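Encoded as structure tokens, the structure appears first; notes follow it.
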Amino acid sequence: MQNMQKTSVTPVQYITVEDDFAGQRIDNFLVTRLKGMPKTRIYRLLRKGEVRVNKKRTQPSYRLQAGDQIRLPPMQLDERPVLAGPSKRSVALFSDRILFEDKGLLIINKPSGIPVHGGTGVSMGVVETLRTMYPKLPQLELVHRLDADTSGCLILAKKRSVLREIHQLLRDGAVHKVYLALTKGQWQTSELRVDVALRKNHLSSGERIVKVDPTGKESLTVFEPMQSYDDAMLVEATLHTGRTHQIRVHARHRYHPIAGDEKYGDREFNKKMREYGLKRLFLHSHLIEFTLPSTGQHVKVVAPLDTDLQTCLNQLEKSDVI
């Protein structure tokens with residue numbers, strides 16, 4: 001027997017935007033506020049003008065200001081069963097990977113293979129899992145993103161004020177971010193600075209692909225050799241801009257694609273690295289460092305390499321000795 005879904009109708013609601021939510025896009029605000037409501041329905045409410053800000057229609061991209069008055073129309077909400085939260089294993093995994101935490105910040109060593117946000121086929125991404133672990137912090141937000149297959153330092157903000165502050169630091173280039181990557185071949189000194197523009201495209205399948213394009217956005221990555229192996233090199237990659245897939249595309253542009261990269265990598269190189277136990281993209285956000293202007297607090301966090309990546313390096317080193 002199928003469970004019948006009950007529905008209820010909410011009355012008109014008026015919300016006054018508090019200081020902590022100033023600067024947030026209204027669509028993101030509503031996604032958090034109207035938990036369980038499909039995003040398509042939220043965008044339809046905005047498109048039809050049923051959601052009003054200060055008695056006026058608004059676009060999804062509108063950024064809220066402190067004191068704004070939001071009117072929510074009567075809405076029929078499905079009373080669905082509460083979705084299962086993350087498994088005990090997931091909670092334990094994330095608990096063991098917390099690198100830094102205070103009243104405003106949470107920095108974790110993100111596992112590879114888990115997207116930062118839930119989506120198609122994935123109900124619980126990093127942020128959904130952590131919000132479940134921190135039920136008193138429903139406003140917990142990602143400060144930046146990492147690809148699903150990339151591991152390492154990931155910053156989340158517990159307060160909107162902290163989120164806005166670090167976003168400004170990112171725009172100003174005041175956040176120091178260093179990645180570790182295992183790449184094909186041996187880098188030459190002349191190749192280490194990659195200053196080429198990148199353009200992001202969406203294929204008909206919805207997949208994102210990034211290409212070097214002089215009409216794209218300015219992008220700069222500086223690579224630094226760390227350890228040389230037979231036909232491979234471990235490098236540090238310091239980001240001076242934060243474009244989508246930047247390190248991966250810049251590495252390929254220099255003909256030194258990253259090991260395990262199924263989108264921008266080299267098939268034969270990936271096959272060879274699998275012989276050394278590598279089953280994923282070898283890209284790890286190793287270090288992140290910044291200073292909060294409001295408090296002068298200096299934050300420097302280092303995420304150790306995951307065991308699978310370190311094991312791969314150990315196997316490469318042994319093969320060089322033999």
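Would you mind stating whether Ser319 is open to solvent by less than 10 Å² (accessible area, probe 1.4 Å) and among the hydroxyl-bearing types (Ser, Thr, Tyr)? Explain how you work it out, then say what you get.
Details: open to solvent by less than 10 Å² (accessible area, probe 1.4 Å): no; among the hydroxyl-bearing types (Ser, Thr, Tyr): yes.
Taking the combined requirement at face value, the residue does not satisfy it.
Of all the numbered requirements in (1) under 20 Å from the mean Cα position of the chain (by Cα); (2) touching a residue at least 24 places away in the same chain (Cβ under 8 Å), Ser294 misses one, and that requirement is (1).
Within segment 79-110, if we keep just the residues that are modelled with pLDDT of 95 or more and over 14 Å from Leu140 (Cβ atoms), the residue that is surrounded by the most Cβ atoms within 10 Å (Cβ to Cβ) turns out to be Lys110. When the residues of segment 194-226 are filtered to those that are hydroxyl-bearing (Ser, Thr, Tyr) and touching a residue at least 12 places away in the same chain (Cβ under 8 Å), the one that is farthest from His245 (Cα to Cα) is Thr215. Identify all residues within segment 142-156 that are of a type in the set (Gly, Ala, Ser) and in contact with an Asp or Glu (Cβ under 9 Å, 6 or more places away or on another chain); write none if there are none. Listed by number, the residues that qualify are Ser151, Gly152.
Output the residue which, of all residues in segment 216-236 that are among the charged types (D, E, K, R) and in a loop (DSSP other than H, G, I, E, B), is farthest from Leu192 (Cα to Cα). Steps first, please.
Pass one, segment 216-236, residues among the charged types (D, E, K, R): 217-218, 224, 230-231, 236.
Now drop any that are not in a loop (DSSP other than H, G, I, E, B), which leaves 218, 230-231.
Details: Glu218: 17, Asp230: 19, Asp231: 17 Å.
Applying the filter and picking the extreme gives Asp230.
Collect the residues in segment 272-316 that are in contact with a Ser or Thr (Cβ under 6 Å, 6 or more places away or on another chain), buried (at least 16 other Cβ atoms within 10 Å of the Cβ) and not in a strand (DSSP E or B), keeping them in residue-number order. If you could, list the steps in order and put the result at the bottom.
Of all residues in segment 272-316, those in contact with a Ser or Thr (Cβ under 6 Å, 6 or more places away or on another chain) come to 277, 280, 283-284, 298, 306.
From what is left, the residues that are buried (at least 16 other Cβ atoms within 10 Å of the Cβ) are 280, 283-284, 306.
Residues satisfying the conditions are Arg280, Asp306.
In segment 12-27, the residues that are among the acidic types (Asp, Glu) and at pLDDT below 80 form Cβ pairs under 8 Å with partners that are part of a loop (DSSP other than H, G, I, E, B) and open to solvent by 60 Å² or more (accessible area, probe 1.4 Å), at six or more places apart or across chains, as follows: Asp20/Lys159. Screening Thr132 against (1) within 29 Å of Leu278 (Cα to Cα); (2) of a type in the set (Val, Ile, Thr); (3) open to solvent by 20 Å² or more (accessible area, probe 1.4 Å) leaves a single unmet condition, (1). Quick check on Pro60: is it modelled with pLDDT of 75 or more, part of a loop (DSSP other than H, G, I, E, B) and touching a helix residue (DSSP H, G or I) at 6+ places or on another chain (Cβ under 7 Å)? Yes: the conditions hold for Pro60. Being in a helix (DSSP H, G or I) and open to solvent by 20 Å² or more (accessible area, probe 1.4 Å), is that true of even one residue in segment 237-249? Within segment 237-249, one or more residues are in a helix (DSSP H, G or I) and open to solvent by 20 Å² or more (accessible area, probe 1.4 Å). Residues that are touching a residue at least 12 places away in the same chain (Cβ under 8 Å) and under 28 Å from Glu268 (Cα atoms) number at least 2 in the following strands (runs of 3 or more DSSP E) confined to segment 99-193: 151-157, 176-184.
Scanning segment 150-196 for residues that are open to solvent by 20 Å² or more (accessible area, probe 1.4 Å) and polar (S, T, N, Q) yields Ser161, Gln168, Gln186, Gln188, Thr189, Ser190.
The values are calculated or read from the model by the stated rules, or taken from the named source; none is laboratory data. Just so it is clear, the model here is predicted, and its values are computed rather than measured. Cβ sites come from the backbone with ideal geometry, for glycine too, and all protein chains shown count toward neighbours. Surface areas here come from the heavy atoms of the whole protein model, side chains and all, with no ligands, DNA or RNA. Shrake-Rupley method; radii C 1.70, N 1.55, O 1.52, S 1.80 Å.
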